[in-house]
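Report on the structure given below.
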Amino acid sequence: MKTKIIKHVFFIASLLLILNIHAQDSSKKGNISGVIVDDTSLPLPGAEIFLQINNRIIGATSDFDGKFIITNVPSGEQTITISYLGFKEIKLNVTVVSGKTIEIPSVLLKPEAESLGTVVVQTRSQGQVRALNVQKNSENIVNVISLEQASKFPDSNIGDALKRVSGLTIKTDQGEAREVSVRGLGSAATTMLINGDRISSTSFNSRSVEADLIPADVIQNIEVTKSASADLDGEATGGVVNLITRNAYSKELKLSVSTDYNYTPTWNDINYNTAVGVSKKMLDGKLGIALNGSSSSRSFKSDNIEADWDWLDTGVIGDPTDDTRFFNELQIRQYWVIRDRKNLNLGVDYEFSKNSLIGIKTSLSYRNDFENRYRTRYSSIDVPKSFTPEGIVVSEGSITTYTRAGSSEGKPNNYRLDKKNVINTKLYGEHLLGKIETDWSFTYSKSKKRRKRREIAYRVAEGEADLFVDTRNPNRPKITTNLANFNEEAVLSSFTRNTQNIDDSNIKGAIKFKIPFKNGYLKSGFQYRKNERIEDNRTFDISPIVNIDDFIQIPSENYRRSDFAFSNYQMLDAPDRAFVGGLNIFDDTLFTIVENLENHAETSYTSVEKVSAGYLQAKYNLTNDISIRGGVRWERTNSGYKAFIFDQLNQSDIDNRLNVVYDNYLPSADLKYNITRRLITRLAYSKTINRPSYSRIAPRIRFGSSDIDDDSDIGRLTVGNPNLRPRTSDNYDFSIEYYIPKGLISVGLFYKDLNNFYSRVNRNYTLANGDILQIRKTENVGDATIKGMEFAFQKNLDFLPSFLRNLNFYGNATIIDAGLIITNSNFSGFNSPNFRNKRNLTDTADFTYNASLSYEYKNFTLTGSINGTSAYILGYGPTPIQDEYYDKQTFLDFNASYDILKDLKIYFEAKNLTNQPLRYYIGESQYMIQEEYYDSQFVLGLKYKI
């Protein structure tokens, strides 16, 4: 009943808006439309187009295709002004005809040129200029990255490009940026869009989109929105990243081709990347077609060590042994990876008339990772037997060697395959019906992940050799052994096969109305989105019938390298990958395969999420320089889930289903004050939500004790939580921006008040027989706050003497103070004397910074850039020494280019010159739990563009 009332309210309100138009005197008013371009026919987004009527200014801002439309213009002779930072302002006389849309042919703006002594400097950083104009004239607080800007940095994917934006934190994997979080709320709270619609996720147990799926060189613009409004998706607690693909913009054929080859020292191999783009307006400019794509292949290795630390918690205040760390495990790993990435984008649009356009945009992204992993593991370390004079612990434990591979049928052979692809297709229309701007769209997005791998392990069990454990330097713990010959002593420990299938699809329909009135506009819109997600994860235990029990019997390889990043660590021999991949495990005369149903119950589920939404929004210009905007958005979430209960007695999975429904009302308001044409201040408030990942709610129940010590009486029950509430956030933003000649100085303040923060909670129950049952479940644990400040400065340093005036500086920094107050008494360790109920917020770096210095002169450009992030907490332990952290990072990159001809450029790039590792630690930075190196990368390429 409540939902029906809300729908009726939105319907009646929209009808009133439409009737309001017909009540106006439209007989004496018309419209003006056009396209703003530069001298190369590239569109200029963010241009201001305005005219003055009496004492009132009306106008519009050009979109990313350079298009604009001004409605409700009085008929007769009018003078419009077109203004764009870095370009000469122009005025045009237009005769407006009542009831008609007057189209202005492409308006050409020319860059400003400035004489400095005997040198003439022209603004070559057109991408930066475009980004600044969009940011300046946006109604929200945004940052924009253009294709031209991204090309200045050696960024291989959109995640690498986004790390240049203030307030964004990037988490890397396999040497590339993968997870993007805005203003400290983690990647799951960052909504990733393409052309304004959601990208389906291939992430395991998460809503987040992996940024390394999409290459940077096929996107025209990237827009990061940090302040929400009623006309945007309500799930924007962190922020919204919108990837905008290309459209055709010129009647002339536009072609760009780039190809490069890159070299990574650890692999000693040459890789390639090729990108092609073509576009043209045809049929007298009515039909536009843009096609672009890229293909790349990269071979690399990464070197990794991992450690596991445990602790003694006596619970006795003053006990000197309380919170004592001890060493549990050491792993030494190597990854050999071949990454193939392909992307194809198509944009087609057709103008039926000056007031009506339809189009379709399709984007396909593919990424295949072929991987081998080799690891040596020292584990199950027992209590000390003795100590050497140097303080090294002598203990007992197991030693294991592993090889992870794929089937010999794979391409290339014997590599584990991790295959991901995403397709996004959008059919849309833009129409002007009288004075009503009407936009509609239908979108389909689907992602797939397919992973197949097998892993075999051979082990020397506890008690067969002594381990010498050296933790005097906890950043580099070492283990050696007195075992004479591992290959002769090791026996088969495990042989498993794992498959992971993720299918995620989104269907969305939306319609929006914008209706102008004197001094402002009204907006209304409706949308319906349906998400279907299936995660099917299966693990199989393989028992050989053939005799491969002894390691000495099978082919093995020495994978030790002289250039291994950790020179004091050496891996044991490992099973040969061709042997592992070539085993015919499906021949039941050779092997027996049994599925591990516990794992399936814990990690597999199906979800269907339906979100209905509607909004009302109004903007009113108090004066020509001050505008206010407010609105409300309603979203109803209706989710259904199917998961599994593992029946330990009958060794089977049983279906379990549930349905969750809730409503959210999300108000927003903002004020924009143009103190001068170049000095702007903004104030904004919004309420947003962050829905939990599907896996946290899905009614899965898995019972088992396989991951508890063999002699433990603890059983572990992992369950979903249908009562888990979405996080909500009240967001407050203030910014002031000063657009200096050829640059920007800005300061922003933000505050987020978050409710219903959630985290995993473990509860222990004592059963009647004295055994302990631990229930693991995600619960709402408390409330959080985020306070932050952002600084940005961009400037052509033309005040410097002589050749130094060709320098350009770009920099930003973000400072964040974020905390969580834990109120849920079931939180792990809540009743411990050492428990802290106030914690730093996860995934929130206190400090991030970016800086670049470039030199541009005639045909030559040289750029050096640095990007850094402070350490931040990843997960909570019951006490401070058990909190896990993602360590600080510093990336140093360098690139140069030279225009050989007008349309031909040669470029060189050097990435990750600091060889920055991926590093995690526990409690204190010296207690390393993972460290992985990827090496630097060097690129040489050519780019041709007409």
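The values are calculated or read from the model by the stated rules, or taken from the named source; none is laboratory data. Predicted model, so just to flag it, every value in this text is computed and none were measured. Virtual Cβ from ideal backbone geometry, glycine too; neighbours counted across all protein chains shown. The protein model used for the area step is the full one, side chains on, heavy atoms only, and it has no ligands, DNA or RNA in it. Shrake-Rupley method; radii C 1.70, N 1.55, O 1.52, S 1.80 Å.
Values for this structure:
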item	result
Counted residues, the stretch 472-492 - those being under 30 Å from Leu597 (Cα atoms) and buried (at least 17 other Cβ atoms within 10 Å of the Cβ)	2
Pairs with Cβ under 6 Å, 6+ apart, first in the stretch 800-814 and over 19 Å from Phe860 (Cα atoms), second polar (S, T, N, Q)	Asn812/Ser166; Asn812/Asn850; Thr814/Ser166; Thr814/Thr848
Enumeration of residues in the stretch 44-65 that are assigned to a loop (DSSP other than H, G, I, E, B) and either open to solvent by 40 Å² or more (accessible area, probe 1.4 Å) or at positive phi (or both)	Gly46, Asn54, Asn55, Asp63, Phe64, Asp65
Residue match in the stretch 775-794 (condition: under 30 Å from Ile689 (Cβ atoms), in the same structural domain as Ser865 (by the TED database), modelled with pLDDT under 85 and surrounded by fewer than 16 Cβ atoms within 10 Å (Cβ to Cβ))	yes
Sole exception among (1) at negative phi; (2) modelled with pLDDT under 90 for Asn414, by number	(1)
Test for Lys858: is it under 30 Å from Gly277 (Cα atoms) and open to solvent by 30 Å² or more (accessible area, probe 1.4 Å)	yes
Residue, most open to solvent (accessible area, probe 1.4 Å), within the stretch 536-558, restricted to residues that are over 18 Å from Glu488 (Cα atoms) and not in a strand (DSSP E or B)	Ile545
Some residue of the stretch 796-811 being at pLDDT 85 or above and within 22 Å of the chain's Cα centre (by Cα)	yes
Tally, over the stretch 616-674, of residues that are surrounded by fewer than 16 Cβ atoms within 10 Å (Cβ to Cβ) and either at pLDDT below 80 or among the aromatic types (Phe, Trp, Tyr) (or both)	13
Those residues of the stretch 912-937 which are open to solvent by 30 Å² or more (accessible area, probe 1.4 Å), outside any loop (DSSP other than H, G, I, E, B) and under 27 Å from Asp260 (Cα atoms), in sequence order	Tyr933
Residue in the stretch 704-722 that is at pLDDT 85 or above, over 30 Å from the mean Cα position of the chain (by Cα), assigned by the TED database to the domain that holds Asn840 and among the hydrophobic types (A, V, I, L, M, F, W, C) present	no
Matching residues, the stretch 600-615, being farther than 19 Å from Pro692 by Cα and surrounded by fewer than 20 Cβ atoms within 10 Å (Cβ to Cβ)	His600
The one condition in (1) within 34 Å of the chain's Cα centre (by Cα); (2) assigned to a strand (DSSP E or B) that Ala565 fails to fulfil	(2)
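To keep it simple, each residue is scored yes or no on (1) open to solvent by 10 Å² or more (accessible area, probe 1.4 Å); (2) under 26 Å from Ile534 (Cα atoms); (3) polar (S, T, N, Q).
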{"site": "Leu168", "(1), (2), (3)": "no, no, no"}
{"site": "Ala189", "(1), (2), (3)": "no, yes, no"}
{"site": "Ala211", "(1), (2), (3)": "no, yes, no"}
{"site": "Gln220", "(1), (2), (3)": "yes, no, yes"}
{"site": "Glu223", "(1), (2), (3)": "yes, no, no"}
{"site": "Asp231", "(1), (2), (3)": "yes, no, no"}
